[in-house]
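Worksheet: one structure, shown below.
Throughout, read-outs are computed from the coordinates displayed, never taken from laboratory work. Note that the structure is predicted; figures quoted are calculated from it, not measured. For neighbour counting, all protein chains shown are included, and Cβ atoms are generated from backbone atoms with ideal geometry for every residue, glycine included.
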Amino acid sequence: MNRVLPIRFMAGRFLDLLIVLFGVSVIVFMMIRLIPGDAVAIMLGANTEITPERIAELESRIGLDKPIVVQYFDWITGILQGDLGTSIWTGRPVAKEIMANIWPTLELTFLSVLFGAGLAVPIGCFMAEARGKTAEVLVRVMAIAGLTIPSFWLGIVLIFLLAKLLPGAAMLGYVPFTEDPLGNLQRMILPVFALSLPMLANLSRLVRSAMLDALGQDYVRTAKSKGAGRFRVVYWHALRNALIPFITSVGVATGYLLGGAIVVEQVFAIPGLGQLVLGAISERNYPLVQSSILVLTFTFVMVNFVVDILYAIIDPRVAQR
Amino acid sequence: MMRALRQDKLLLFATIFVAAQVVLAILAPIVGGDPIEQVIMARMKGPSFEYLLGTDQLGRDILARILFGYRTSLITCGLAVLLALVVGGSLGMLAAFYRGWFDRIVMRFMDVLFAFPIILLAIGIIAVLGPHALSASVAIAVVYIPIFARLLRGPSLVICESEYVRGARAIGASDLRIVFRHLLPNLSSVILVQASLLLSAAILVEASLSFLGLGAQPPTPSLGQMLSEGRNFLLLNPWPAIFSGLAILFLSLGFNLLGDALRDSLDPRLRKNSGI
């Protein structure tokens, strides 16, 4: 496993990363400027009288009176220094509002990835090994259904069932892990299950087909003929190779989960970024919407960057292409 | 096509399953009745002979609302996938056709769009356009444009290098003729399969958006919005939430199975160890 990572591959990926981050920032920056009608008048809200002075005041506060390239430059330098602007309504720094709301979303996403990806491996291996048996067909049908179950609906059904079966169980809302670790995890069980099921279904199908592929390869036959045990063949020889496409998919699935988390948060009344963004949209608090989208997308891009690098470490052929 | 249907039981089942739901959506006013009429005396009723799926908190017929919700879903998502196919597919094919800097710039831009988490990009676009069914369509379309572009670029590259395209070019066929006579027909099965699978995913995205109040606005019935309303009265009357969720599930499942079955039946190489 001791090999030197090709510098050229890493540099290339890093350049890709910079280009994508730049593109994302330009799109997010432009969003606010594409709002039809006078965005500034909208941002002033319905309750205040709209006067030219007020508009000019707000315009210079956001910097809308400068040329667009300068605006972008000011905005992005601010962001790189951790200044995401001020929330129009509360006057608090956007960065603070986001930090106050980001942990539940990140925790929900992280636990869901852990649960979904973690369980997908043994389930996928089981499906590949027991191919065609009744139990396996059953699991496979469940996987297809799991793929199209809307997670927010599953969440609602779970709340309903639990409210009937275990009245009084705490399952809504959020307590920080640092304050009450058990209460935190207890409230995470249902949302994590609801959110990760489609991913679990998708990934276990992927592991299954990758395993079927791997189990048919020559090196697996060789391992078997050398007398390696079933466990060693499946989990050491075949699985290691089957995991390669799996890792890329985990990266992509993280993006779905980040988005899905926003919806599932609404179901379970979790005060995460979803609540912040949706509140901001209805208040027309565009800087807050803009920054939240930027922060989450950057997170997602970084996750995929790390996945790409991991991919190259596990499978050196990738870097040689 | 007909022979494929007879041979492939899954394809047959998926086709019937999808067709039944589409027909019900088309016939919604006849089969379902009025989705907006409120019968105050019959609020929050469970399923009965009068109201097959019961009524909601305002005494509206859930069956009628679901069938009209199917319409909203199918129109919004159909439009979105069509738009994404036309824009994204064209970009992908043209990128493969012209190569060079055009290819590089287009595909870079697709990479950037693809970098956004789907729901998040859709929410951003709706924040700009305002919450509306049409905004949801546009948002989903933008999200799917890079998927179609990437999907069609690969096979287009191969086809553009093939003997018959070279031959066509040698006898002086125009660019347009090559794209429409040679490229497009050869991509039709990829397009058909992917459109069906993406439609299945789009239905879930649309439902999520309207669940968040960012899709079709009342009084237009939509499945996500029904689910979100039903959630507020969950313990008093769980039926609206249960049935609207099942409707989303069936619609999405139908197109997913159809896409899967189409892929298996159109690509014989996949048949021996296909997913289902």
* A:Lys226: which aspartates and glutamates have alpha carbons under 14 Å from its alpha carbon, excluding same-chain residues fewer than 8 sequence positions away? -> A:Asp218
* To do: Quick one: give the max-minus-min coordinate of the C-alpha atoms of segment A:102-223 along each principal axis, largest first, in Å.
  => 54, 30, 20
* **Farthest toward positive dipole pole in the protein assembly as shown [+1 Lys/Arg, -1 Asp/Glu at C-beta], among B:Val205, A:Phe305, B:Val143** => A:Phe305
* Structure fact -> Taking Cα atoms, the helix A:7-33 axis meets the longest principal axis of chain A at an angle in degrees (rounded to 10) of 40 degrees
* Structure fact -> Rounded to two decimals, the Debye log10 I(q)/I(0) of segment B:105-213 (Cα scatterers, no solvent) at q = 0.22 Å⁻¹ is -1.13
* Structure fact -> Looks like chain A, by Cα gyration tensor root eigenvalues a ≥ b ≥ c and the a/c under 1.5 rounded cutoff (else prolate when a/b is bigger than b/c, oblate otherwise), is oblate
* Listed residues B:Ile105, B:Leu253, B:Ser174: farthest to the positive end of the dipole of chain B (Cβ charges) -> B:Ser174
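Which value, to two decimals, describes the C-alpha radius of gyration of segment B:161-204 once divided by 2.2 N^0.38 Å?
1.59
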* Structure fact -> Debye calc, one equal point scatterer per Cα of segment B:20-125, no solvent, log10 I(q)/I(0) at q = 0.11, 0.13, 0.19, 0.23 1/Å comes to -0.58, -0.67, -0.94, -1.13
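Using helices alone, I'd like the mean residue ellipticity at 222 nm for chain A: each DSSP H run of four-plus residues gives -39500 (n - 2.57), total over residue count, nearest 500.
Numbers: 13 runs with 239 residues, N = 321.
-25500 deg cm²/dmol, from helical runs alone.
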* Asked: Who wins for biggest fluctuation among B:Arg177, B:Arg231, B:Arg153 in a Gaussian network model of chain B, springs between alpha carbons below 10 Å?
  -> B:Arg177
* Report the calculated FRET efficiency for A:Ala56 and B:Arg108 (r = Cβ-Cβ distance, R0 = 51 Å), to the nearest 0.05. => 0.85
* Place +1 on the Cβ of every Lys and Arg and -1 on the Cβ of every Asp and Glu in segment B:88-229, take the dipole about the Cα centre, and give the residue among B:Leu223, B:Gly89, B:Ile126 whose Cα lies farthest towards its positive end. => B:Gly89
* Can you work out ³J(HN,Hα) from phi for every residue in segment A:73-79, in order, using Karplus 6.51 cos²θ - 1.76 cosθ + 1.60 and θ = phi - 60°, giving whole Hz and x for Gly and Pro? -> 4, 4, 4, 6, 5, x, 4
* Helix-only CD estimate at 222 nm, as mean residue ellipticity for chain B, using -39500 (n - 2.57) per DSSP H run (n ≥ 4) -> -22500 deg cm²/dmol
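Run the numbers on segment B:25-116 and let me know its relative contact order in percent, using alpha-carbon pairs under 8 Å that are six or more apart. Could the numbers behind the result be given before it?
Numbers: 88 pairs, mean separation 19.6, N = 92.
With pairs under 8 Å counted, the relative contact order is 21 percent.
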* Which of the DSSP-defined H helices in chain B satisfy a minimum axial length of 18 Å, computed from C-alpha atoms, and a minimum mean Kyte-Doolittle hydropathy of 1.0? -> B:9-26, B:62-84, B:133-160, B:184-211, B:239-266
* To do: Rounding to the nearest 20 debye, state how big the charge dipole of segment A:86-206 is about its Cα centre with +1 on each Lys and Arg Cβ and -1 on each Asp and Glu Cβ.
  => 280 debye
* Asked: Using Cα atoms only, what is the angle between the long axis of helix A:181-215 and the major principal axis of chain A, expressed in degrees (0 to 90) to the nearest 10?
  -> 50 degrees
* Based only on Cα atoms, what Rg/Rh ratio does the protein assembly as shown have, Rh being taken as Kirkwood's radius? -> 0.97
* Acute angle (nearest 10 degrees) that the helix A:134-148 long axis makes with the longest principal axis of chain A, alpha-carbon atoms -> 10 degrees
* Histogram of C-alpha separations across chain B, 10 Å bin width, % -> 7, 25, 28, 23, 12, 5, 1, 0
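In Å, the Kirkwood hydrodynamic radius of segment A:190-290 over pairs of distinct alpha carbons? All intermediate terms of the calculation are to be shown ahead of the outcome.
Values: mean 1/r = 0.0609 Å⁻¹.
16.4 Å is the Kirkwood radius here.
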